[in-house]
Every structure is written in C-alpha cells, then in structure tokens.
Amino acid sequence: MNDNIRTRIALSLIPHIGAGRAKSLLDAVRHPIDIFKLKEADLARIRGFGPQSIASFKSFNDWDKVDRIIKRTQLIGAKMITPEDLEYPDRLKEITSPPL
C-alpha cells in the first residue's frame with residue numbers, strides 16, 4: 001500500500017484531526033507522508049490547528065494499527081481510494097468535508 005493511503009488512514013485515527021484539518025495538512029505539503037515531518041511551528045500556521053490538535057497530531061505513533069487496517073482491507077478484497085484516484089466519486093469531491 002502506498003504512503004498516500006497510509007497517511008490518510010493515520011490521519012483518520014488521530015483524535016482532534018477531522019476531515020477539515022486533515023485536508024489543510026495535506027494541502028500544506030507536496031507529498032502526504034511529509035505531514036509527519038512538519039514542526040509544531042509549521043502546524044501552528046495551518047488553519048484550524050491549535051495546541052490541542054497539534055499535540056494530538058505530534059503524538060501519533062500507531063503505525064501498527066494503520067498496517068492492520070490495510071491488511072484487513074486486502075484480506076477482504078476491498079480497495080481504498082483517495083480523492084486523487086479516478087474512481088473517487090465526483091459528487092464526494094464537491095461536499096464540504098469529503099472522505100479522505
């Protein structure tokens with residue numbers, strides 16, 4: 001599974017990081033995995049990020065859970081898609097907080 005999918009799953013697991021903050025994070029970097037390289041000062045400049053969401057984001061380390069989710073998804077034959085994928089429904093792209 002690629003880093004884009006892994007990053008988006010991780011974001012979905014972090015308390016205080018909803019779809020809006022996740023999108024702001026993803027928009028702030030060139031490659032999704034780069035969000036985990038951001039310093040606290042960088043995060044503080046991103047819309048919607050305050051002390052609580054920054055602390056929650058910086059403390060994330062449950063990559064084992066991310067990998068378990070990916071493995072279960074593969075075992076049942078499902079496919080994860082992102083807004084960048086051609087299969088991602090156009091109507092979902094139009095809503096305020098589309099799924100990651």
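Taken as a whole, the structure places residue 73 among residues that are within 17 Å of residue 5 (Cα to Cα), at pLDDT 95 or above and either of a type in the set (S, T, N, Q) or in contact with a helix residue (DSSP H, G or I) (Cβ under 9 Å, 6 or more places away or on another chain) (or both).
Hand me the list of helices (runs of 4 or more DSSP H) wholly inside the stretch 22-100 holding 3 or more residues that are among the small types (Gly, Ala, Ser) and more than 15 Å from residue 9 (Cβ to Cβ).
Numbers: elements: 40-44, 51-58, 63-75, 90-93.
In the stretch 22-100, the matching helices (runs of 4 or more DSSP H) lie at 51-58.
Residue 100 - would you say it is surrounded by 14 or more Cβ atoms within 10 Å (Cβ to Cβ) and in contact (Cβ under 8 Å) with a residue 60 or more places away in the chain? Judged against the criteria, residue 100 is a match.
The values are calculated or read from the model by the stated rules, or taken from the named source; none is laboratory data. Predicted model, so just to flag it, every value in this text is computed and none were measured. We place every Cβ from the backbone using ideal geometry, glycine too, and count neighbours over all the protein chains shown.
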